Amino acid sequence: MSIDYYRKGRTYELFIRKVFNNKSGKRYGADESLMIQLFINKETEKDKKSRIPYNRKLFKVKMNIEKALIKLGKRKKYLDSYENFSPLLAKLHEAETPNDLSEVVNASLRKIIELENQMKRSA
């Protein structure tokens, strides 16, 4: 197993927690193991024995990310900058692999940090 899988899983969890202000717990799908399992199942192709098929796991993580992106567009402090998140939402709908999902999560985190830095500078 690659350490990179754990890093991507942790980034996914941090993204979900940041969006939903979830300090602890696994609410809203904030569980790094969901993303890690996707990478492992994609690599090993041993998902045939798993109770939950790979496609269903991928869909679940995709839905968690989509809910987070929609929530970002509705948040008061990001309300004027929804156009920053809508291209990411479109890219998410085209995602077919865990790496694609990871790219969307990373881009979303970069946008959040960029917008928060702009707000700090203007305040």
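The values are calculated or read from the model by the stated rules, or taken from the named source; none is laboratory data. Every value quoted in this text rests on a predicted model; they were computed, and no experiment measured them. Positions of Cβ are backbone-derived with ideal geometry, glycine not excepted, and every protein chain shown enters the neighbour counts.
I want to confirm something. Restricting to the stretch 2-46 and keeping residues that are in a helix (DSSP H, G or I), farther than 23 Å from LYS74 by Cα and among the charged types (D, E, K, R), which single residue is farthest from the chain's Cα centre (by Cα)?
Looking at the filtered set, the residue picked out is GLU43.
Tally time: how many residues in the stretch 76-99 are surrounded by 15 or more Cβ atoms within 10 Å (Cβ to Cβ) and either assigned to a helix (DSSP H, G or I) or modelled with pLDDT under 90 (or both)? Before the answer, list the steps.
Looking only at the stretch 76-99, we keep the residues that are surrounded by 15 or more Cβ atoms within 10 Å (Cβ to Cβ), and these are 78, 81-82, 84-85, 88-89, 91-92, 95, 98.
Filter once more, so that each one left must be either assigned to a helix (DSSP H, G or I) or modelled with pLDDT under 90 (or both): 78, 81-82, 84-85, 88-89, 91-92, 98.
Looking only at that region, the number is 10.
Give just the number: which of (1) in contact (Cβ under 8 Å) with a residue 24 or more places away in the chain; (2) aliphatic (A, V, I, L, M); (3) out of contact with any helix residue (DSSP H, G or I) (no Cβ under 8 Å at 6 or more places or on another chain) does ALA90 not satisfy?
(1)
How about the stretch 1-44: which of its residues are within 16 Å of GLU103 (Cβ to Cβ) and modelled with pLDDT under 80?
Within the stretch 1-44, just LYS42 meets the criteria.
Does PHE59 satisfy being surrounded by fewer than 16 Cβ atoms within 10 Å (Cβ to Cβ), assigned to a helix (DSSP H, G or I) and modelled with pLDDT of 90 or more? Give the steps one after another, and end with the answer.
Numbers: surrounded by fewer than 16 Cβ atoms within 10 Å (Cβ to Cβ): yes; assigned to a helix (DSSP H, G or I): yes; modelled with pLDDT of 90 or more: yes.
Criteria met by PHE59.
Of all residues in the stretch 100-123, count the ones that are free of Cβ contacts under 8 Å to residues at least 12 places away in the same chain and under 13 Å from the mean Cα position of the chain (by Cα).
2
Look through the stretch 1-45, keep the residues that are within 20 Å of GLU66 (Cβ to Cβ) and among the hydroxyl-bearing types (Ser, Thr, Tyr), and return whichever of them is surrounded by the fewest Cβ atoms within 10 Å (Cβ to Cβ).
SER33
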